[in-house]
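These notes concern the structure reproduced below.
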Amino acid sequence: MNSYETIIAIVVLILIGYICRRIGLLKPDDAKILNKIVVYLAIPSLIFLAMYNADLSDTVTLGTITLICITIGILCGGIAYLFASLRNYSKETRWGLVTASAMLNSGFLGYPVVLGVFGSIGLVSAVFYDLGSVILFIFFGFLLILVYGGNYQGIFKESVFFPSIIAISLGVLANIFQLPLGSLVPDILDYLSGAAIPLIMLSLGLSLEFKEVKEYFAAASFVSVIRLVISPLIAIVFASLLGLSGVNFQVTVVQAGMPSGMLTMVLAIIYNLDIKITAACVFLSTALSMVSLTALILFI
């Protein structure tokens, strides 16, 4: 499939999930089960195989991709903070908008999109971009602890023992030491990783809920513009200045255009941020990303 057909297939899978919920075939709570399979089995398998088979010799380029993610996240968060301050939003709403603007869905949505469009070569760049997203999660977790108080160890543990991080670490180690896996292990991991794309898209379709968006449409729209338009534009500038090219350039820009991340909801719950406005940002930016990502991929 070409990139256009890949995006169409992804959109159709999301719509199938949404329709299944609307007709009662699946319930919204079923998304939690699908998410567990994806987070703990499918995506780690996908990442491990990508890292195990990858050429990791160009560490400077891969590290640059991670750094770009972190820098863009902080800049986008800063823009949202200024917007929320000018609108005189409460502290809870302000930080909800900041995290929704800074943290992106570079793993849960980014991996299947990049894999479908760029293949396994692009997936390596996507993983290192997502590593920056995890660092942003740790950064904002610590920042919110300074603002609200809390447990440093909880955020650190949540990040270090996240299945994707474990998969990256094990995959890189297996790659460096050229550990033999035989034929059975790769086959099993390949079958598990194959479930990632359809299950993620069905889960996103089940999770889409537009009722909350109406009440917070203005703020959610602004965050969506940050995530889907401003962020990839900044990525184009940084990636060009830092000498990225080819697939590394394309993947960096596409990953930068991902919607607000699901981990934003985790921080909102832990620190009692405005959960409704955070959810609205996640849902609206995810829905709009189906159009913006299509345009972005065709553009680059």
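Just so you know, all these numbers are worked out from the coordinates, no wet-lab data involved. Predicted, not measured: the structure shown is a model, and the values here were computed from it. Heads up, the Cβs are rebuilt from the backbone with ideal geometry, glycines too, and the neighbour counts pull from every protein chain shown.
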(request) Indicate the gyration tensor shape class of segment 1-104 (rounded, prolate or oblate), computed on the Cα atoms with a ≥ b ≥ c the square roots of the eigenvalues: a/c under 1.5 is rounded; otherwise a/b larger than b/c is prolate and the rest oblate. (result) oblate
(message) Let me spell out the model: positive unit charges on the Cβ of Lys and Arg, negative unit charges on the Cβ of Asp and Glu, origin at the Cα centre of segment 1-134. What dipole size does that give, in debye rounded to 20?
(response) 620
(message) Charges on Cβ only, +1 for Lys and Arg, -1 for Asp and Glu, centred on the Cα centroid of the chain; of Leu97, Val12, Gly194, which one is farthest towards the dipole's positive end?
(response) Leu97
(message) Quick check on segment 44-160: take the gyration tensor over C-alpha atoms, sort the square-rooted eigenvalues as a ≥ b ≥ c, and tell me if it's rounded (a/c under 1.5), prolate or oblate.
(response) prolate
(request) Output ³J(HN,Hα) for segment 13-27: one whole-Hz value per residue in order, computed from phi by the Karplus curve 6.51 cos²θ - 1.76 cosθ + 1.60 with θ = phi - 60°, and x for Gly and Pro. (result) 4, 5, 5, 4, x, 5, 5, 4, 6, 5, 8, x, 5, 10, 9
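If you place +1 on the Cβ of every Lys and Arg, -1 on the Cβ of every Asp and Glu, and leave all else neutral, what size is the dipole of the chain about its Cα centre, to the nearest 20 Debye? Provide the component values of the computation, followed by the final result.
Numbers: 13 positive and 14 negative charges, 154 e Å.
Charge dipole, the chain, about its Cα centre: 740 debye, nearest 20.
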(request) Compute the Cα gyration tensor for the chain, then decide on rounded, prolate or oblate, letting a ≥ b ≥ c be the square roots of its eigenvalues: rounded whenever a/c is under 1.5, prolate when a/b is larger than b/c in the other cases, and oblate in all that remain. (result) rounded
(request) Quick one: angle between helix 163-176 and the longest Cα principal axis of the chain, in degrees between 0 and 90, rounded to 10, please. (result) 30
(message) Could you give each residue of segment 192-201 its phi-based ³J(HN,Hα) in whole Hz, using Karplus coefficients 6.51, -1.76, 1.60 with θ = phi - 60°, and x for Gly or Pro?
(response) 5, 5, x, 7, 4, 4, x, 5, 4, 5
(request) Please turn the phi angles of segment 289-300 into ³J(HN,Hα) values with the Karplus equation 6.51 cos²θ - 1.76 cosθ + 1.60 (θ = phi - 60°), one per residue in order, whole Hz, x for glycine and proline. (result) 5, 5, 7, 5, 5, 4, 5, 5, 5, 5, 6, 7
